[in-house]
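Below is one structure, written out as structure tokens; the observations come after it.
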Amino acid sequence: MNEVLKRINKLNITVSYPFFLEIYNDYTQSVINKEDLKEILLLVESFSFRRSICDVSPNALNKIYMTLGREIKNHPDYKENYVAILKYLLKKKKGSQRFPEDKEFTEKFMSKDIYNSKNCSYILERIENFGNREKVDVENLLMSNELTIEHIMPKNLSDHWIKDLGANWRSIHEEYLNTIGNITLTAYNREMSNKNFNQKKLMEKGFNKSKLFLNEHLKKTPRWNEGTIKRRATILKDASLKIWMYPCTEYVSSTDISPVYSLSDEHNFTGEKIISFIFSGRERKATSWKKLYGYVARELYMIDPSKFKLFINDNDFTTAKNKKYVSELEVDLRTPIKINESLFLEGNLGTNYIIENIRKMMRKFGISEDELSIKLQKEQQVIENFNFIECEEAESDVM
């Protein structure tokens, strides 16, 4: 348990701490047992690591962990299926909230610059010690310089290396130098230096004498080129899928969960009905897109009134027919949304116009689109209300 917590600390996902406090409380109340608690921590570790490898924006994590405990407990059977429900919820998340699946993760894991990643030592330690009872204290050995991170194909290529790599040596070097297939651990980095591959294998205390799992495949490899780098990357990728696992569950929810999308997600909100939204770390109910628009605009105005007033003469908030979306005069607008006594927004807009205007406003304030998450009605509810929504959109489609 402590090992998992230490690894999570290395990943620096402090936004998950409120969720940890909640699950720890559930553990002390015997809602979940010790094995459940450990499995949850491993899920969080895998979820966070896969997202970092796939360059998924971390901005959405705050909203995810803020609501995750509540989402679990929205299910009436959560006490019997706590971990299964958590897996189910994480698998259902989309866009910037997603848990990257195996295909996306492995493609990124094999091609990413691991050497310059902030998690490089964490990655090598996890692979080295996975399934190994004789743990190697990689982090401390690296800190004391007893171990170093080694490029098998070196940064600076000798004539011998260029010959071994072949005609495409330049592109091979550029593409694979810092990837997982070409980096390892050794205690003899200085001695290896730019030696060719066979010399690195056969030298005193070279790869052939190494006791590290990371170097095991190198003992059986006669040469080092694009093909063998890719083969080793595949071996380490296979290990990574067991270490940072994607959740597997057959759980089927009896409670259909409302979908949640970040504003940065490629989702068409037309025809959808909003239930609530999360902005500035707070969740609020909303019965219409117009109310969402007004609330976000007022929040932005409070951050910087002078910046918001610039929207009045900003062409991004003016239609092709020179009608304004933002005005100081209420009479200029068909359905004004009041920001204050002398500032109004046009509210007679279709959903996509509202969403696009919110995006523009947030960009101009330097606020990430991931900072706004929107919870929609469940699919069945949308079908029941479809005719109402269709009429509503028809009445307020465009200016």
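If one takes the longest principal axis of the Cα atoms in the chain, at what angle in degrees, from 0 to 90 and to the nearest 10, does the Cα axis of helix 2-11 lie?
So the helix axis and the longest Cα principal axis differ by about 70 degrees.
Using the beta-carbon distance between residue 234 and residue 33 and R0 = 41 Å, what value does 1/(1 + (r/R0)^6) give for FRET efficiency, to the nearest 0.05?
It comes out at approximately 0.65.
Taking a 31 Å limit on the Cα-Cα distance, which of the listed pairs 10/364; 155/209; 92/323; 91/273; 92/307 fall beyond it?
Beyond 31 Å: 10/364; 92/323; 92/307.
For labels at residue 216 and residue 5 in the simple 7 Å Cα→Cβ model, what's the distance in nm?
Simple spin-label model gives 3.1 nm for this pair.
Give the span of the range 120-244's Cα atoms along each principal axis, as three whole-Å numbers ordered largest to smallest.
Ordered largest first, the range 120-244 gives principal extents of 42, 31, 24 Å.
Report, to the nearest 10°, how far helix 289-303 tilts away from the longest principal axis of the Cα atoms in the chain, using its own Cα long axis and a range of 0 to 90°.
For helix 289-303, the angle is close to 70 degrees.
Taking Cα centroids, how far is the range 192-267 from the range 88-146 in Å?
8 Å
In the chain, what is the volume of the convex hull around the alpha carbon atoms, normalised per residue and reported in Å³?
Taking the convex hull of the Cα positions in the chain, it is 193 Å³ per residue.
Equivalent ellipsoid semi-axes for the range 260-395, as square roots of 5 times the alpha carbon gyration tensor eigenvalues: give them largest first, rounded to whole Å.
Ellipsoid semi-axes (Å, largest first): 24, 18, 13.
Whole-Hz Karplus ³J(HN,Hα) for the range 200-217, in order, using 6.51 cos²θ - 1.76 cosθ + 1.60 and θ = phi - 60°, x for Gly and Pro?
3J(HN,Hα) across the range 200-217, in whole Hz: 5, 6, 8, 4, 4, 6, x, 4, 5, 9, 5, 9, 7, 4, 4, 9, 4, 5.
Read-outs: derived from the displayed coordinates by stated rules, not from any lab. The structure displayed is predicted, hence computed values, not measured ones. FYI the Cβ positions are ideal-geometry reconstructions off the backbone, even for glycines, and counts take in every protein chain you see.
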